[in-house]
Amino acid sequence: MRRTNRRRVPGRTAERDPLFGRGLRFAHDAPSGTGAGSLATLRELPAIVGTALRLGRRADPAALAAVVTSQLVLGVAAAATYLTTQRLLTGLFSAAPADAKVRALVPVAAVMAGAMAARGLCEAVAIAASGRLGPRIARLAQLTLLERAVRVEQAVMEDADFHDRLGTARQGAAATSRATQSAVGLCGGLVSILAALWVLLALNPLLAPLLVVALAPRAWSVARTAGARHASTKRWMQLTRQIDLLGQLMTSHEAAEEVRAHRVGGFLLAHYRRLATVSTREQARLAREEALTRALAGALSGLAALGVYGVLVLLVVDGRTTFAVAGTAAFAIRSGLASLTSFVMQFQQLYQDGLLIVEWREVCARAEEAAVPARGTPLASPVETISTRGLRFSYPGARTPALDGVDLDIRRGEVVALIGANGSGKSTLAKLLAGLYLPSSGSVRWNGVATGDLDRATLWDRIALVSQDFVQWPFTARMNVVAGRADRDADEPRLAHAARSSGADAVVDRLDDGWDTLLAREFFGGTDLSGGQWQRLGLARAWYRGAPVLIVDEPTSALDPAAEIDAFRRITESAARGTTVILITHRLASVARADRIHVLEAGRIVEEGTHATLMAAGGRYAAMYRLQAEQFLVDR
């Protein structure tokens, strides 16, 4: 029985939900308000931009250089525009003759036109380069995450917390493209603001504080709003995922039958409405807070603007500056405010995406830590023995071990059966034997080497696995089988042999396009198979792999009796050719020919021996065997 554990996060108060209990949504885990959120916003922003820049350097350094250069030139061009504006105003207000003014102002106007053209060109270059850079960054981020995810230890991948965060991290990988666009806009707005500040310093040092005063209310509004949204997004992220999950369930191919036959659709819709109502109430609350913040910031901005322009008038009246300088200052301040508006929008978008990017970064780091080691002792050929000593394994957070002190020996060419009630530890033991899990204590050894010390890539190369929930790939029939050796080119003779050995050839012969039939009904031209037909393809995948160790977990549960007998006959025949077979099944009639049978109960081996010795002992195995035999006679 598969166990999952969802750890509670310290410091969070879980709110029970009718559907999800305490399993997904943690409520009230982040304080609303703005103080801590605003500071957190400002602290995280450099790290988010830094992550985007590092990804950009890896994805497309030329495009990144074009974006950065264009933004720097844009700032210089903006400053030149402000300064030439001052020169133009000075010339216009001068007492020189008209023709002299024209001669003096033509070069200034030319410089201004050039600066404005440069600004337009730089903006175009930034848009084009960031448009090329963004998708490449997103692709790189997604590949980076997937490269790490496929190497994570099986136990970590099955951990509920990690699996949940992995879904959010995939959204973060997609968000890197949007974050790049926002970062470009943010940099552009910041450069324009700094250019205005620099020009004011150059005109008159007394003017620079005026820009700061004018920007302060809006900057406060940005920080407060972003902080509130940050806290809300973090607080309700699990709720958002719940809503998405319900939407997927109502539209998925897998759930469609029960949604209709059991009339679950209305039930799911009701809970979708309930959770969506909670979400919309939160969005309305945020909107109200943002409206109040912006109203207050607008009032403060108006007062600040009144003060700024009043100071400019006083400076002109006192003769401490000229009309031209005052006009340029007013223009620079107005442009700075417009740049801040753009800055606000880009900042909010960047931070919202940045939350997901931070999750992506943290999950990538966690996956790297939990990766299957790339080094170890190569597994020697052939595989003569697989053994366990004092084997114990506990799932994270479980109170009792799934396996508790298991000792067994498997020799080359044997058929070893593992049987027992559901939850007795059979499938867990199989995963430990395969090196998918590592022991909590004790050892699993292949040819005398512990699985934790082996290069598990060489171990897995010697295994063919048919699990009870094997993957039904939404690919063609051919790809579903040759995926057994996906690291090699398709081998048609090998494919034909695997199909004959598993009975999959009879399945494929009935498909419209044969091996090229798409086995995914949700796509155009696709079809689906019955459970028994899928099981034949799953067995064919294992035969195609051609590994010296075959682990099969309930391999014939969906087959008819004749097909089941034939499948087990072929499995035992493979052992005669040197294949080691580890068999898990509830069909005890099929294990009678096994070389040894191990009966598990509560994680321990309570009986072992051949079919004959176990029947003679009259223990659990004999009782289960007779019960199934009697049931078969009653059914007949």
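The antiparallel fraction among DSSP beta bridges confined to the chain stands at about 55%. For Gly405, nonlocal amide neighbours, meaning residues 5 or more places apart or on other chains whose placed amide H falls under 5 Å from its own, are Leu391, Arg392, Phe393.
In a simple Cβ point-charge model (Lys, Arg +1; Asp, Glu -1; nothing else charged), the chain has a dipole of about 1780 debye relative to its Cα centre. Pairwise inverse Cα distances across the stretch 472-546, averaged and inverted, put the Kirkwood hydrodynamic radius at 11.9 Å.
Listed peptides 163-170, 461-468 appear in the order 461-468, 163-170 once ranked by packing, highest mean of other Cβ atoms within 10 Å at the front.
Centre-to-centre separation between the Cα atoms of the stretch 561-636 and those of the stretch 440-474: 23 Å. Working ranking of peptides 404-413, 253-262, 297-306 by packing, defined as the average number of other Cβ atoms within 10 Å per residue, highest first, is 404-413, 297-306, 253-262. Around the Cα centre of the stretch 472-546, unit charges on the Cβ atoms of Lys, Arg, Asp and Glu (plus for the first two, minus for the last two) sum to a dipole of about 340 debye.
Whole-Hz Karplus values for the stretch 580-595 come out as 8, 10, 10, 10, 10, 7, 9, 7, 5, 4, 7, 9, 4, 8, 5, 5 Hz, taken residue by residue from phi with 6.51 cos²θ - 1.76 cosθ + 1.60 and θ = phi - 60°; glycine and proline positions read x. Helix 208-251 and the long axis of the chain differ in direction by around 20°, with both axes built from C-alpha atoms.
Please sort by residue number the chymotrypsin sites (Phe, Trp or Tyr not before Pro) in the stretch 329-382 whose DSSP state is loop and whose Cβ has at most 15 other Cβ atoms within 10 Å.
When the chymotrypsin sites (Phe, Trp or Tyr not before Pro) of the stretch 329-382 are filtered for loop state and at most 15 Cβ neighbours within 10 Å, nothing remains.
Read-outs: derived from the displayed coordinates by stated rules, not from any lab. If you're wondering where the values come from, they're calculated on a predicted model, not measured in any experiment. FYI the Cβ positions are ideal-geometry reconstructions off the backbone, even for glycines, and counts take in every protein chain you see.
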